[in-house]
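The values are calculated or read from the model by the stated rules, or taken from the named source; none is laboratory data. For clarity, every value in this text was computed on a predicted model and none was experimentally measured. Here Cβ is always computed from backbone atoms with ideal geometry, including for glycine, and neighbour counts include all displayed protein chains. Side chains are part of the model used for accessible areas, which takes the heavy atoms of the whole protein and leaves out ligands, DNA and RNA. Shrake-Rupley method; radii C 1.70, N 1.55, O 1.52, S 1.80 Å.
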Amino acid sequence: MDAVDPLAALRAPGDPGCDVYLTGTVFLDIVFTGLATAPVRGTESWARGMGSSPGGVANMATALARLGLRTSLAAAFGDDHYGEYCWDALEQGEGIDLTPSRTVRGWHSPVTVSMAYEGERTMVSHGHEPPPEEPAPDCPPRARAAVASLTPGERAPWIAQAASGGTRIFADVGWDDTGAWDLAGLADLEHCEAFLPNAEEAMRYTRTTCPREAAHALTEHVPLAVVTLGADGAYAVDRRTGETAEVPAIAVEALDPTGAGDVFVAGFVTGTLAGWPLADRLAFAGLTAALSVQEFGGSLSAPGWSEIGAWWRRIQSYDEQDPAALRRYAFLRDLVPAEQARPWPLRRAVPTIGFGRSA
């Protein structure tokens, strides 16, 4: 985790020890990179590179931790080598608090194999039914915020419990396989401060044909709606202040979009907890997502402050740079770490799984 604390000026005695709380399923991600084309049926494809890392909810947890937020994760880990590897990578490698997590004897860790090519990805996953819930605390740990993935037609009791304790809930949602697209089915939305769907999801849920119109419609159900527009950036509406903001996307060469949505949410949560203006939060979230898609993997590609600082210094060196575009990110000037003699783009080490344990 990079040594920048975006909440340093806000911390006070008696604050929660945790900035962001998460719960969900951790996968072991095995990512094959450098494929010239998509795999062809009946043939063997060779990848030029391979990496492994914790995936699933670990993508979001890692993205938050690398941005300097004290992150706590509640998840089940298998007692196999995959589970041990993911636990160590998150706790020791990223500094994530796994106190609410548990190891389940005899449970096989879920695995995803991701193949990245031509800016796209193809994934194959395997996993068993999740283990039965073991006795848990009556309420999640105190936290400034929590990130929840809403499931149509289901309530997650921890969301209401966390919200009643003052935790600010940020929610996203996956594709509705039922085809209902009924906001009433997202019952936990009533406990959320912010909802961050993509444009297609937002329009389907609101029965609108314009993502900006959809964002305004969503504020009838949640105070803050943020709709991601893909290559067009993002649009947000804050019902409480009447403020709107729209920030264009940063044009980059995308190698692998895995985890980009998680990184966007992590960036937005960071800016919100730090008290930044809405447009700055959108710009920061878009920047972190853009940096992530230039690398392979989910949690592997989540940028930290070193990457953000390197980008900020590099982008100012271009003579043809639009001054107005630079001003959009001027808020980074006092946040990024001091210049380091490191190349950019920066590449984090890609961990691989060893099958022997040192004494």
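Heavy atoms of the protein chains alone define the surface here; on that basis the chain has 48 Å² accessible area per residue at 1.4 Å probe size. With all protein chains present, how much of the accessible area of the chain (probe radius 1.4 Å) comes from carbon and sulfur, to the nearest whole percent? Result for the chain: 52 percent of the exposed heavy-atom area is carbon or sulfur. Other residues whose C-beta falls under 12 angstrom from the C-beta of Gly261 contribute a net charge of -3, scoring Lys and Arg +1 and Asp and Glu -1. Compared with the rule-of-thumb size 2.2 N^0.38 Å for a compact globular protein, segment 58-160 has a Cα radius of gyration ratio of 1.19. For the chain, the relative contact order works out to 17 percent when only alpha carbon pairs closer than 8 Å and six or more residues apart are counted. When the Cα atoms of segment 285-338 are aligned to their principal axes, the ranges along those axes come out at 33, 22, 18 Å in descending order. Charge tally around Ala279: other residues with Cβ under 9 Å, Lys/Arg +1 each, Asp/Glu -1 each, net -1. Taking all protein chains as they are arranged and a probe of 1.4 Å, the heavy atoms of Met123 leave approximately 100 Å² accessible to solvent.
Please work out how much accessible surface Tyr85 shows to a 1.4 Å probe, ignoring ligands, DNA and RNA, in Å² rounded to 10. Ignoring ligands and nucleic acids, Tyr85 comes out at about 40 Å².
Treating r as the C-beta distance of Gln316 and Val252 and R0 as 25 Å, the FRET efficiency rounds to 0.90.
Using only the Cα atoms of the chain, each taken as one equal point scatterer with no solvent, compute I(q) by the Debye sum, divide by I(0), and report log10 of the ratio at q = 0.08, 0.10, 0.13, 0.14 Å⁻¹. The Cα Debye sum returns log10 ratios of -0.39, -0.62, -1.10, -1.28. The GluC sites (Glu not before Pro) of segment 172-271 that DSSP puts in a loop, and whose beta carbon has at most 14 other beta carbons within 10 Å, are Glu220, Glu253. Considering only the Cα atoms of segment 155-288, their convex hull presents on average a projected area of 8.3 nm². The value of relative contact order for segment 20-118, using C-alpha pairs under 8 Å at least six residues apart, is 40 percent. Computed over protein heavy atoms with a 1.4 angstrom probe, the accessible surface ordering of Trp181, Trp276, largest first, is Trp276, Trp181. Bridges between two residues of the chain, per DSSP, are antiparallel at a rate of about 50%.
Largest first and in whole Å, the equivalent-ellipsoid semi-axes of segment 26-102 read 29, 14, 9, each the square root of five times a Cα gyration tensor eigenvalue.
Restricted to Cα atoms, segment 1-138 shows a radius of gyration and a Dmax of 17.6, 62 angstrom.
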